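Here the structure comes first, spelled out in structure tokens, and everything after it is commentary.
What follows is calculated from the coordinates using simple rules that are stated; it is not laboratory data. On a predicted model such as this, the values are computed, not experimentally measured, just so you know. Note: ideal-geometry Cβ built from the backbone for every residue, glycine included; neighbour counts use all protein chains shown.
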Amino acid sequence: MKLISILISAALASTPLIGNTKDLQPMKREVKIFERVLGSALQHDMPGQVRKVSGYYLQGQGLVFELQLKRQHSLNWLAPLDNLDEIAALGEFDFPHFETNVVNEENTETFSEAWSSTMEKVREEAEKLKESAWRERETRMQLRELKRQKSELEFAKRHHAEDDEARDDLAKEIASVEQNIESLNQQESELGKKLQQLRNKFEQQKQQKEAQKLEQQRNLNASLSDNIARSLCDYGAGLKALAVSEYISFTYPNLLEPEQKHIMIYQQSEVQRCVTGKIDASALAKQAKQYVF
């Protein structure tokens with residue numbers, strides 16, 4: 001029994017008690033206020049870009065503010081077509097754009113109707129492509145069959161060299177087959193060119209969209225960096241409970257890889273220098289550490 005008491009006492013002595021931690025109520029209050037201040041500032045400086053700001057404190061590390069973006073993106077309309085090689089024609093019409101955050105019943109209904117309309121267009125275009133690809137395959141099969149027939153007729157003609165009538169009949173059949181082969185060769189060439197043009201067009205549009213996303217990401221990073229730094233300089237004085245040795249971090253989704261986050265980290269000491277006018281917002285923005293994780 002004495003041994004158990006000693007072990008319990010030792011465990012309690014080695015475990016930090018909640019009462020020993022610093023009072024976090026002032027920090028919570030400042031975080032909540034800064035959430036609203038930063039959210040309003042970003043809404044003003046970057047209309048329609050930031051939906052919500054939420055923050056929390058990591059003791060001994062600093063503050064973390066997560067930004068939820070009102071990203072605009074086209075519907076994932078290629079998802080049902082993963083097994084199709086010929087998806088190029090889908091680039092022949094524009095798809096509507098929607099906000100990723102659908103927060104009320106009215107928007108949900110609008111989104112659903114637009115999605116149904118868009119997917120109907122996708123199915124129509126997919127059917128056109130499948131038909132073109134099917135026709136190309138059928139043409140190749142017919143060509144192989146005609147060439148086989150031609151070989152058999154030529155073989156038969158050689159074995160009927162002394163029978164003029166049979167040889168003439170076989171020659172006519174061979175000429176007819178050759179004419180059909182020529183026609184199918186032309187069809188195959190035209191279908192192949194059409195499908196290749198569609199593939200090239202799709203690849204070009206795909207590259208253009210990737211370049212646009214990259215440019216959007218760069219612009220978003222630059223805009224958020226500048227505006228967050230300005231907000232920290234203008235309103236960072238309210239973060240009094242945060243030690244100057246700690247940090248203020250911001251995270252938001254990466255447009256190029258939605259499962260990743262872009263992270264910006266500011267030193268509280270540098271933020272307070274900007275608050276007091278020792279450096280400006282531009283200098284503070286350049287000092288921030290940024291990376292994607």
Estimated FRET transfer efficiency when R0 is 30 angstrom, pair Gln208-Ile265 (beta carbons, to 0.05): 0.35
Full-stretch length increase - Glu165, Asn180 - with 0.36 nm per residue and alpha-carbon distance subtracted: 3.1 nm
Ranked by how many other beta carbons lie within 10 Å on average, peptides 25-33, 259-267 from highest: 259-267, 25-33
Gain upon complete extension [Ala133, Gln43; 0.36 nm per residue less C-alpha separation]: 27.5 nm
Under 26 Å from the Cα of Lys209 - lysines, other chains or at least 8 residues apart: Lys70, Lys121, Lys128, Lys130, Lys193, Lys194, Lys201, Lys261
